[in-house]
Every structure is written in structure tokens, then in C-alpha cells.
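What follows is a short report on a single structure.
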């Protein structure tokens, strides 16, 4: 869990850099792809840490309803859809 959080925070820390590149060189293919990949990496690592915490009830209550866990997973996975679509449309 610690390594997942470290890598998640690494990509969160890179967001200002990729946003600055996007602001300086807007609508260029390389900067849009770099920004989108940064968002995708951060969102997938967020999902990985949620998955790690909830799959065998490592870090959540044992009585936590499975429907709540499934709902949380679906909501987290909605986030990577937009950057993936944007990367696909721009490529």
C-alpha cells in the first residue's frame, strides 16, 4: 500500500508540470498525450490502492457492504475514461 501511494503521489506531483506544458504549448499532440497519460497513471494508481484496500477487506471494515465497494470501484474507473478518449481523439 505504501508503494502504491508513493507512485500515486509521484504522478500527482507531476500534474503541475504537465499542466504548465499544456498551457505553454496548447493543442500540440505531445503535450496533450503527456497530460492525458499523467492523468491516466494517477487515476489507475488510485484505483489500484482502492482495490488493494477492499479486495480481501485488508483496510476496510469486514461488515462493509459489497455493493458499496462495487460502486466505489465503478466511480473511480469512470475517471480514466475521459483522458483515454481525449488521447484517442487527438492521436
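The values are calculated or read from the model by the stated rules, or taken from the named source; none is laboratory data. Note that this is a predicted model, so its numbers are computed, not measured. Cβ placement follows ideal geometry from the backbone for every residue including glycine, while neighbour counts extend to all protein chains displayed.
Considering only residues in region 18-61 that are crowded, with 17+ Cβ neighbours inside 10 Å and either in contact with a strand residue (DSSP E or B) (Cβ under 7 Å, 6 or more places away or on another chain) or farther than 16 Å from residue 80 by Cβ (or both), the one that is modelled with the highest pLDDT turns out to be 21. Residues that are more than 17 Å from the chain's Cα centre (by Cα) and under 17 Å from residue 9 (Cα atoms) within region 40-91 are absent altogether.
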